[in-house]
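Take a look at the structure set out below.
The values are calculated or read from the model by the stated rules, or taken from the named source; none is laboratory data. Please read these numbers as outputs of a predicted model, since none were measured by experiment. In this analysis, Cβ positions are derived from the backbone assuming ideal geometry, glycine residues included, and neighbour counts consider all displayed protein chains.
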Amino acid sequence: MNTVSTTQLTGALEWRYATKAFDATRKIPTETWSALERALVLSPSSFGLQPYKFLIITDPATRAKLMPATWGQKQVVDCSHYVVFTARKALGAEHIDAFINRIAEVRGISAESLKGYRDMMNGSLVSGGTLSKMIPEWAARQVYIAIGNLMTSAALLGVDACPIEGFEPDKYDEILNLKNSGFASAVCCALGYRAASDKHASLAKVRLPEKDLIQHI
């Protein structure tokens, strides 16, 4: 397994920032983008259920429609790749069964051998468990794990990113035809390369002191 050094990791995280202006002429190379898509797929999620879909918006006309619903933020149209993270609105036993069957397929075991795991997930997520009453919120939490994983991966590859919560989810859902899909827009991320004119790139990164954020017990 290839690993990065501690210096490479912290250096990438110091380098990254929420990019305000992208160079619209620069595109992420295909190989680099494929690795970032794989990072999305490999993101961890509760139970491993991945209650989300990632919409990669490449059509310029669609991006132009989304920009007014994103408070006019130009990152939507100027970035190389624009990702809309959508979360499941509901979860049923059929979703659990599909996941169990996928585990069985990938690991070469029988679905019946996973009955205990299936029953546990059904109890927690479908049949009246605590999480069953908050599926949209639970799914959105998994989405935020994925966007964090994407931005860290992007920084390690020298790709700029900007997470975007400033948008109108209902309008996004309408534009992207999500109303009857079982998914809803949760958060977005623009990725590409910073414009030379973006003054925010040179600003010192501001974070609270470690002593105010980290406690050893």
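For region 41-52, filtered to residues that are surrounded by fewer than 18 Cβ atoms within 10 Å (Cβ to Cβ) and among the hydrophobic types (A, V, I, L, M, F, W, C), the residue that is nearest to residue 131 (Cα to Cα) is 47. Taken over region 113-135, the criterion of being under 27 Å from residue 84 (Cβ atoms) and surrounded by 15 or more Cβ atoms within 10 Å (Cβ to Cβ) is satisfied by 121, 125, 126, 131, 132, 135.
Beta carbons closer than 8 Å, at least 6 apart along the sequence or on distinct chains, pair a first residue in region 1-16 that is closer than 21 Å to residue 189 by Cα with a second that is at pLDDT 95 or above and exposed (fewer than 10 other Cβ atoms within 10 Å of the Cβ) for 14/205.
Screening the candidates 16, 38 for the property of being crowded, with 16+ Cβ neighbours inside 10 Å and assigned by TED's automatic domain parsing to the domain that holds residue 151 yields one hit, 16.
Return yes when residue 165 is surrounded by fewer than 18 Cβ atoms within 10 Å (Cβ to Cβ), within 18 Å of the chain's Cα centre (by Cα) and without any contact (Cβ under 8 Å) to a residue 24 or more places away in the chain and no when it is not. Give the derivation first.
Numbers: surrounded by fewer than 18 Cβ atoms within 10 Å (Cβ to Cβ): yes; within 18 Å of the chain's Cα centre (by Cα): yes; without any contact (Cβ under 8 Å) to a residue 24 or more places away in the chain: yes.
So residue 165 fits the description; yes.
Looking only at region 19-57, count every residue that is more than 27 Å from residue 136 (Cβ to Cβ), part of a loop (DSSP other than H, G, I, E, B) and not small (Gly, Ala, Ser) and tell me the total.
8
For region 134-141, the criterion of being over 21 Å from residue 179 (Cβ atoms), assigned to a helix (DSSP H, G or I), under 19 Å from the mean Cα position of the chain (by Cα) and not aromatic (Phe, Trp, Tyr) is met by at least one residue.
Residue check: is residue 105 within 30 Å of residue 30 (Cβ to Cβ) and of a type in the set (Asp, Glu)? It is true that residue 105 is within 30 Å of residue 30 (Cβ to Cβ) and of a type in the set (Asp, Glu). Can we say residue 75 is out of contact with any Lys or Arg (no Cβ under 6 Å at 6 or more places or on another chain), among the polar types (S, T, N, Q) and farther than 30 Å from residue 122 by Cβ? So residue 75 fits the description; yes. When residue 187 is tested against (1) in contact with a helix residue (DSSP H, G or I) (Cβ under 7 Å, 6 or more places away or on another chain); (2) free of Cβ contacts under 8 Å to residues at least 60 places away in the same chain; (3) buried (at least 18 other Cβ atoms within 10 Å of the Cβ), just one condition goes unmet, and that condition is (2). Being part of a loop (DSSP other than H, G, I, E, B), modelled with pLDDT of 95 or more and within 24 Å of the chain's Cα centre (by Cα) is a property that residue 90 has.
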